[in-house]
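J.: One structure coming up, written as structure tokens, with questions to follow.
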Amino acid sequence: MPIASFLEEYDFSGKTIIPFCSHGGGRIGQSLTAIAKLAPDADMGEGLSVHYSGGSSLSDDIKKWLDVNGIN
């Protein structure tokens, strides 16, 4: 709930939220929907979900994620 409290407390109007998570099997799940509801005036970037250590493709996955979100 710390992230939910943070999103509720601050005004994200005109800001871009680019979510990411690491997990052991739960994936990003409903997190993107929850973030969108808690910060409705923010733009939502493409999320990244990394399983455990991310495997051998982690560096490439992160690079692609940054590129998709316009972060170079």
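J.: Which of the residues spanning region 1-39 are closer than 21 Å to Gly70 by Cα and among the hydrophobic types (A, V, I, L, M, F, W, C)?
T.: Once the filter is applied, which keeps residues that are closer than 21 Å to Gly70 by Cα and among the hydrophobic types (A, V, I, L, M, F, W, C), region 1-39 yields Phe12, Ile17, Ile18, Phe20, Cys21, Ile28, Leu32, Ile35, Ala36, Ala39.
J.: Also: With the structure loaded, tell me whether Asp60 is among the charged types (D, E, K, R) and touching a residue at least 12 places away in the same chain (Cβ under 8 Å) or whether it fails that test. Before you say what the answer is, go through the steps one by one.
T.: On the way: among the charged types (D, E, K, R): yes; touching a residue at least 12 places away in the same chain (Cβ under 8 Å): no.
Answer is no for this residue.
J.: To continue, here is another question. Within region 45-59, which residues are over 15 Å from Ile17 (Cα atoms) and either of a type in the set (Gly, Ala, Ser) or surrounded by 11 or more Cβ atoms within 10 Å (Cβ to Cβ) (or both)? If you could, list the steps in order and put the result at the bottom.
T.: Within region 45-59, the first condition is being over 15 Å from Ile17 (Cα atoms), and the residues that meet it are 50-59.
The answer is Val50, His51, Ser53, Gly54, Gly55, Ser56, Ser57, Leu58, Ser59.
Laboratory data are not the source of any read-out in this text; all were calculated from the coordinates shown. These figures come from a predicted structure and were not determined experimentally. When we count neighbours, we look across all protein chains shown, and the Cβ atoms used for this are built from the backbone with ideal geometry, even at glycine.
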